[in-house]
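As structure tokens, the structure follows; a few thoughts come after it.
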Amino acid sequence: MNFLALIESKREGKPLAPDQIEPFIRAFTAGKIPDYQMAAMLMAIYFRGLSAAETAALMRAMRDSGDVLKFPKDPRPLVDKHSTGGIGDKVSLPLAPLLACLGFRVPMISGRGLGITGGTLDKLDSIPGFQTSLPAKRIVKIVQQVGCVICGQTDRMVPADKKIYALRDASGTVPSIPLITASILSKKLAESLQALVLDVKFGCAAFMPTRADARQLARAMVSLGNACGVNTRAILTDMNTPLGRTAGNWLEVKESVACLEPNVLPASRRQGKSNRNCRQDAGSTLLNDLRSLVVECAAHLLAQTGKSKSLNAARRLAQDCLNSGAPRAKWDEMLKAQGADLKAFNRKLALGHTAPIVTEVKAEKPGYLSRCDARIIGEVIRDLGGGRLTKESAINYDVGVDQLVKPGEPVRKGSILARVHAADRRPADQAAERLKAAFEISSKQPAAPRLIVEIIRAG
């Protein structure tokens with residue numbers, strides 16, 4: 001194979017055939033193509049793009065570069081959810097046990113955070129004894145016995161993606177939609193899924209800054225996922241404001257557990273309104289946005305797999321299951337199966353805070369919150385030690401921000417807008433001062449922003 005000729009061909013905008021793509025991915029994974037040549041190919045792809053057929057061939061070659069999870073025959077569909085990431089995005093934690101209780105099998109292969117975006121595995125690492133690194137046979141066993149697992153990919157799963165992603169990060173080619181699509185779906189399709197829901201975020205703290213960018217990525221992934229035989233659907237969600245009331249690894253675990261508690265009900269139910277008025281596409285953050293998005297993801301998977309005749313019926317089914325308490329018990333079952341010390345976990349859960357210093361950010365005037373900037377909050381948490389500047393950075397799992405007030409909510413002068421959890425007094429005070437810029441208060445109540453703004457389906 002003359003790889004230089006393939007680089008030059010793509011540089012000139014010519015298409016690559018599947019029987020050209022698969023050999024160079026295999027050769028690169030085996031160490032037979034140097035990094036500098038693959039970086040040149042990635043840059044050519046970044047500028048010239050890939051057709052749908054080329055992207056599909058690249059995804060399959062990456063998926064097939066290592067082991068694919070194999071599950072026994074079972075009436076329970078294999079499903080998963082993937083998020084492009086954001087601040088306070090903890091949906092995977094309560095969603096996995098909910099889906100297991102709804103009759104699914106969930107082999108949720110997740111990743112770590114980099115920069116301001118939190119990683120699911122980092123959140124789980126804050127749980128005493130919890131194991132996120134599992135061999136393939138153990139993953140399959142837990143999924144079959146418990147119904148769900150949340151862990152990292154094994155060393156033998158999609159090794160081509162690991163190598164290529166490291167080069168994309170170092171060569172400035174991360175924002176390529178064909179490369180993003182192939183990367184995400186190669187990992188998800190290595191789980192042997194039947195259905196997949198994608199949470200594609202946009203906004204100031206999202207990978208995709210605009211709704212149009214998010215729509216383009218979502219359409220590419222939905223199209224390719226369905227072409228590969230996986231019923232795939234995407235939800236476009238706003239990431240200008242953090243999701244939920246917390247951001248920071250352990251604080252998000254606590255909020256996830258609270259989301260699973262059966263006595264946590266949406267505001268409209270507490271006021272005696274019908275389930276129809278609880279629909280997520282009402283979009284109000286004055287409802288529990290975390291819980292609403294968890295239910296929405298579950299509802300789409302119920303509809304995608306034919307377990308529910310309509311999306312409204314699926315929402316009611318998911319909401320009722322979440323309120324039953326069964327997913328909370330399933331969460332503990334999953335933790336135990338993955339090595340967690342449940343006694344230590346529950347002791348930690350009972351603590352008001354685990355960071356040594358907690359300080360408050362207070363409103364300087366009365367009114368209504370009109371802005372809660374997710375990017376500023378993410379940057380503050382990263383600098384407190386809760387995120388990574390490099391892949392080698394150590395994480396402080398206890399730092400973060402909680403009790404966040406959300407846009408549209410009333411505030412009084414001196415009321416709490418957020419609490420900072422920090423390791424020392426000085427960084428706590430610095431973080432609190434920086435966080436003031438994340439909040440804006442207006443005299444008139446603004447409309448609460450919509451969380452889910454669009455659904456992307458096949459075709």
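The values are calculated or read from the model by the stated rules, or taken from the named source; none is laboratory data. Worth saying up front: this structure is predicted, and the values here are computed from it rather than measured. Neighbour counts are summed over all protein chains in view; Cβ atoms, including those assigned to glycine, are modelled from backbone coordinates with ideal geometry. Just the protein is used for accessible areas: all its heavy atoms, side chains included, with ligands, DNA and RNA removed. Shrake-Rupley method; radii C 1.70, N 1.55, O 1.52, S 1.80 Å.
Overview of values
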item	result
Theoretical ellipticity at 222 nm over the chain - DSSP helices of four or more residues, -39500 (n - 2.57) apiece, nearest 500	-13500 deg cm²/dmol
Qualifying GluC sites (Glu not before Pro) in the range 1-109, DSSP loop, other Cβ atoms within 10 Å at most 16	E12
The range 193-266: C-alpha gyration tensor shape, a/c 1.5 cut-off, then a/b vs b/c	oblate
Backbone HN-Hα couplings from phi across the range 144-161 [Karplus 6.51/-1.76/1.60, Hz, Gly and Pro as x]	5, 8, 9, x, 7, 8, 10, 7, x, 5, 6, 4, 9, 9, 6, x, 4, 5
The range 64-218 - Rg over Rh from alpha carbon coordinates, Kirkwood radius	0.95
Global geometry of the range 276-426, whether rounded, prolate or oblate, following the gyration tensor of its Cα atoms and the 1.5 cut on a/c	oblate
Hypothetical label at H353: residues of the range 367-400 whose amide nitrogen lies under 13 Å (7 Å Cα-Cβ projection)	398-400
Relative contact order (%) - criterion: Cα under 8 Å, at least six apart; region: the range 308-443	32
Global geometry of the range 380-459, whether rounded, prolate or oblate, following the gyration tensor of its Cα atoms and the 1.5 cut on a/c	oblate
Rg(Cα) / (2.2 N^0.38 Å) computed for the range 360-405, rounded to two decimals	1.42
Extension gain from K365 to V68, taking 0.36 nm per residue of separation minus the Cα-Cα distance	101.3 nm
Inter-site label distance for R11 and S171 at 7 Å from Cα along Cβ, in nm	1.2
Label-zone membership for the range 237-257, site D332, 7 angstrom Cα→C-beta point, backbone N under 15 Å	257
Sequence-distant lysines (8 or more away, or on other chains) whose Cα lies within less than 28 Å of K436	K90, K123, K201, K254, K362, K365, K406, K413, K444
Length added when fully stretched, E433-K413, from 0.36 nm per residue minus Cα-Cα	5.5 nm
Sequence-distant residues sharing a close amide H with V411 (under 5 Å, placed H)	G367, Y368, L369
Per residue accessible area in Å² of the range 278-430, where ligands, DNA and RNA are left out and the probe is 1.4 Å	43
Residues of the range 46-87: accessible area per residue with a 1.4 Å probe, Å²	46
All Cα pairs of the range 1-117, percent lying beyond 19 Å	62
Contact order relative to length of the range 155-238, as percent, for alpha carbon pairs under 8 angstrom and 6 or more apart	31
Lys/Arg +1, Asp/Glu -1 at C-beta; the chain dipole; positive extreme among L290, L417, L6	L290
Two-decimal Rg to Rh for the range 47-94 - Kirkwood Rh, Cα set	1.09
Alpha-carbon radius of gyration plus Dmax, which is the widest Cα pair, for the chain in Å	22.0, 69
Residues whose placed amide H lies under 5 Å from that of E360, excluding near-sequence neighbours	V420
Relative contact order [Cα under 8 Å, 6+ residues apart], the range 351-407, whole percent	37
L342-Q403 pseudo-label distance in nm [points 7 Å out on the Cα-to-Cβ vector]	3.2
Restricting the range 8-111 to trypsin sites (Lys or Arg not before Pro) in coil, as DSSP defines it, with at most 15 other Cβ within 10 Å	K32, K70, K73
Residues T210 and K309, FRET efficiency given R0 of 35 Å [Cβ-Cβ distance, rounded to 0.05]	0.50
Carbon plus sulfur fraction of accessible area for the range 1-80, probe 1.4 Å, in percent	55
Against the rule of thumb 2.2 N^0.38 Å, how large the Cα Rg of the range 9-48 comes out	1.14
